[in-house]
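All remarks here apply to the structure that follows.
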Amino acid sequence: MQRLYEHKLKPHHLFADLKANATHAEAGKLLAEFRSPNAPYHKFAFGNPFPRSYQALCTGAPHYPLAASFEAELAWHTHSFKVFGPEISQFLQQKAQFDNAFMIGDFSAAEYHLTYIEKRSISLWTLDARFLLLEYQKGLESNKEFLSDLNKRGLAPIPTYNRVDCVC
């Protein structure tokens, strides 16, 4: 942990090094310390964990190489999940309500829950859910219009190996 403050590398390179070499305990302590969006190095530790727009989704996450082992990679992500546990739990509750409303055909309730989620964070899941809901609510044309609008603004998120890129 002390090497964080002694390291002479740029923050992006420092976090890539820490991800690759930190012990399980160091990773947990480090990520807990930088949980607050105002904390120094927050954006290097987490990127933008809750983007509020498709533009932010496309540009938010730093791209670090995979850790040296599967166990180290899993430990890094496990600590990230623990740090944002309350937000993840709230999302899962709203997602379940969206899923239930959608499955019984209550599209106005599904719209409410999806919009609630989107106000807190945009993700590939919300994008997929928005396409699905538009198609069931208003038909394929509405779905195409939404995609066309994203493309016109250069905001069509395209998932790649371990990050999201935008077609611009």
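Partners of LYS138 within straight-line reach, counting aspartates and glutamates whose Cα lies under 14 Å from its Cα and excluding those fewer than 8 residues away in the same chain: ASP106, GLU111. What the Cβ-Cβ distance of ARG153 and PHE50 gives, at R0 = 30 Å and to the nearest 0.05, is a FRET efficiency of 0.90. Evaluating 6.51 cos²θ - 1.76 cosθ + 1.60 at θ = phi - 60° for every residue in the stretch 45-51, the Karplus couplings come out as 6, 10, x, 10, x, 9, x Hz, glycine and proline recorded as x. Taking a straight line from the alpha carbon of LYS152, these lysines sit under 18 Å away, with near neighbours fewer than eight places off in the same chain left out: LYS144. For a straight C-alpha distance cut-off of 12 angstrom, the aspartates and glutamates reachable from LYS19 (same-chain residues fewer than eight places away being disregarded) are GLU71, GLU73. Distance between the pseudo-spin-label points of ARG35 and LYS10 (7 Å out from Cα toward the beta carbon): 3.0 nm. Summing charges over all other residues whose Cβ lies under 12 Å from the Cβ of ALA101, with Lys and Arg as +1 and Asp and Glu as -1, gives -2.
Readers should treat all values here as calculations from the given coordinates under stated rules, not as data from a laboratory. From a predicted model like this one, the values you see are computed outputs, not experimental measurements. Don't worry about glycine lacking a Cβ; one is built from the backbone with ideal geometry, like all the others, and counts go over all protein chains shown.
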